[in-house]
1. State whether the residues of the range A:241-249 include one that is more than 12 Å from every other protein chain (Cβ to nearest Cβ), open to solvent by 50 Å² or more (accessible area, probe 1.4 Å), out of contact with any His (no Cβ under 8 Å at 6 or more places or on another chain) and within 27 Å of A:Val85 (Cβ to Cβ).
2. Can you give me the number of residues within the range A:156-169 that are over 15 Å from A:Gly87 (Cα atoms) and touching a Ser or Thr at 6+ places or on another chain (Cβ under 9 Å)?
3. Just checking, how many residues over the range B:84-105 are more than 7 Å from chain A (Cβ to nearest Cβ), aliphatic (A, V, I, L, M) and touching a helix residue (DSSP H, G or I) at 6+ places or on another chain (Cβ under 7 Å)?
4. Here are some residues: B:Ala112, B:Ala169, B:Ala160. Which one is on the phi < 0 side of the Ramachandran plot and away from chain A (no Cβ under 11 Å)?
5. Among the candidates A:Leu95, A:Leu45, A:Leu86, A:Leu25, single out the residue that is assigned to a helix (DSSP H, G or I), surrounded by fewer than 18 Cβ atoms within 10 Å (Cβ to Cβ), in contact (Cβ under 8 Å) with a residue 40 or more places away in the chain and of a type outside the set (Val, Ile, Thr).
6. Working carefully through the options A:Phe267, A:Phe233, find the one that is over 25 Å from B:Ala160 (Cα atoms), within 14 Å of chain B (Cβ to nearest Cβ) and surrounded by fewer than 18 Cβ atoms within 10 Å (Cβ to Cβ).
7. What number goes with the only condition from (1) within 11 Å of another protein chain (Cβ to nearest Cβ); (2) surrounded by fewer than 19 Cβ atoms within 10 Å (Cβ to Cβ) that B:Ser49 does not pass?
8. Take A:Ser185 and tell me if it is hydroxyl-bearing (Ser, Thr, Tyr) and either within 14 Å of chain B (Cβ to nearest Cβ) or open to solvent by 50 Å² or more (accessible area, probe 1.4 Å) (or both).
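The values are calculated or read from the model by the stated rules, or taken from the named source; none is laboratory data. Just so you know, these numbers come straight off a predicted model, no measurement behind them. Every residue, glycine among them, receives a Cβ derived from its backbone with ideal geometry; neighbour counts consider all protein chains shown. In case anyone asks, the SASA skips ligands and DNA or RNA and just uses the protein heavy atoms, side chains included. Shrake-Rupley method; radii C 1.70, N 1.55, O 1.52, S 1.80 Å.
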Amino acid sequence: MTTESLDPPAMNVAPRDSGFNVRTLSLVGLLFVIAVTFHLLSGGLFLTARNLYNIVVQTSVVAILACGMTIVIVTRNIDLSVGSVLGCVGMVIALLQIQIFPQEAAWNWPLTVVIGLALGALIGAWHGFWIAYLGVPSFVVTLGGLLIFRGAAFEVAQGKTLAPFDPIYRLFGGGIDGALGVGPSWMLFVVIMVLYGLGEILVHRRQTRLGFHSKARAKVLRFALVLVAAAAFVATMNSYLKPRSDIGRGVPIPALVLLSVVLFMEFVTRFTTFGRYIFAIGGNIDAARLNGIPTRRTVLVAFITMGVLCAIAAVVTTARLNAGTSSTGELLELSAIAAAVIGGASLSGGRGTIAGAVVGALIIQSLESGMVLIGASSSQRMVAIGLVLMAAVFADKYLSGEE
Amino acid sequence: METQTGKPLVEMRGVFKAFGGVHAVEDVDVTLHAGEVVAVLGHNGAGKSTLMKMLAGAYRRDAGSVHIDGKAAELASPAEAFELGIETIHQTLALADNLDATANLFLGREIAWRVGPFRIMDSARMRDVAAKVISQLNPRFTNLNTPCRDLSGGQRQTIAIARAIHFEAHVLIMDEPTAALGPHETAMVADLIRELKSKGIGIFLISHDIHDVFDLADRVVVMKNGQVVGTANTSDVSQDDVLGMIILGKCPEGAIPGPGARSNPQ
């Protein structure tokens, strides 16, 4: 009968160790090459505390979006609307905080953030409903969303620019005071490394008890590498001083927001059934369905997650600009998709990693920043990033042996 | 004519299914008893896979009733079929090729702890169980961490069979179980069917090739154009009789004619 034929399964590999695989490591290597190259070309401007701090802050927004984009792409969908959703949510937050709620109220900015997150979730659910339950392709639904929410962002305040935001809210943007400070940065470093170490030990013990060969040496090496990298990161952020002072800034708040997002998304994609299901759906949706996976609900939740991440990115972006404008976030969907794809997400579904997406975002922002430092125009930067995207996907296909 | 006594394990009555204007399954009655192997035969497009997918919860029937162990069953989803002990080895094997053997074995039914809105997988436990189940079936199959797309046909089949064994099927549906296998693996599947049968599991074997299943089956149900041509004990009919049913829709002596039998055999 005609109905019994199933699509040929997609030819993809899921990550087994998404935090630290060869693909991600080679991207980190690429990042180093980019950094050193631009450092030399710019006469020593790239690898400075100031530039690296700015790259981290700029990367945060793209990386937050790329994390969500990765799970959407893993389910074999796409979201073209994230820049517009970011703009729209940002405008709603700006309108509420600056024009509607009393400016002096302590509850003002927290409430606007909560409303922004809820709005992001709602928009994500709206897209997800059209895609998962009405069966309209995600490309079309989110292309519609790109127009709808950019238009809505204008309508919220008739195109006016709204400013200024609450001083506390602005900390999310990583401005002059928007960092942890030297002491707390080191404390955060210690806490995270201890938790990470304990987690590894727990997993190792459990695997050994069940009689599995757990590669202790590789894990120790991995821990040591992360330890050194994290220490170098914190030291660099601490060495960027506030203007006209000798006070180090420390880890910027946007990086902290990104870190929370990454930890949460890594947890979800690696350890929960939801994570397993998005990969199964992307790999073979018919198999997923026949095995009783709630495919529609899973895709819906993937888009809701994307919507919430758009709202988080909107908070960081508007706080950094200290203004709400209806054009905020334009073309960001392309950076987010590029970051996810450079990071190893396959547009045919079933493959992608959160860590890869973050490194992908870092690569894009480093290129942007490096080319600014050597005096390239914005048009030249666009050409270069377009070429890098294509080369990255080609290299990935070639290296992973796919024809 | 049913030689078995007692309540059937599966009883499908007056089942209909249409896709658009095409009647894929029309007024079909089928029963299956514990420890019985029933072959569902017919050409491609005869409706046998559609019928079995309704039992597996993959398709919802338009009309008719299904009783499992005497209890009416809705069978609205694969999950519901799993709960009733109905396992299916699909022709496509229903594997996600980007995931490994363990992930595929437990796909949709992971061992997990519920923590708030999350279900956190016990990966180590699942790997442990998968290693045991799979080594029973195929001791040489040890690469449990390899994505399924890099496995052989026999290994892929093993994973699909391991699902049915691990989740303790009472009713097992096997859709063209040997279509993609070599002679050695086909013999292994035949041994497995006999073993499961001896444990009292009821088995539906779907096939378009009578030679694959005639010796294994206690009964055959032949379908043509969405209807049952007839049902027969394999001891009461010859292979040629059954071929006549499949090709011509002609019901021989020794078989019980169904609604799809040709009324005027020429």
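1. No, because not a single residue in the range A:241-249 is more than 12 Å from every other protein chain (Cβ to nearest Cβ), open to solvent by 50 Å² or more (accessible area, probe 1.4 Å), out of contact with any His (no Cβ under 8 Å at 6 or more places or on another chain) and within 27 Å of A:Val85 (Cβ to Cβ).
2. Summing the residues that are over 15 Å from A:Gly87 (Cα atoms) and touching a Ser or Thr at 6+ places or on another chain (Cβ under 9 Å) in the range A:156-169 gives 3.
3. So the answer is 5.
4. B:Ala169
5. Residue meeting the stated conditions: A:Leu95.
6. That would be A:Phe267, the only listed residue that is over 25 Å from B:Ala160 (Cα atoms), within 14 Å of chain B (Cβ to nearest Cβ) and surrounded by fewer than 18 Cβ atoms within 10 Å (Cβ to Cβ).
7. The one condition B:Ser49 does not meet is (2).
8. Considered against the rule, which asks whether it is hydroxyl-bearing (Ser, Thr, Tyr) and either within 14 Å of chain B (Cβ to nearest Cβ) or open to solvent by 50 Å² or more (accessible area, probe 1.4 Å) (or both), A:Ser185 comes out as no.
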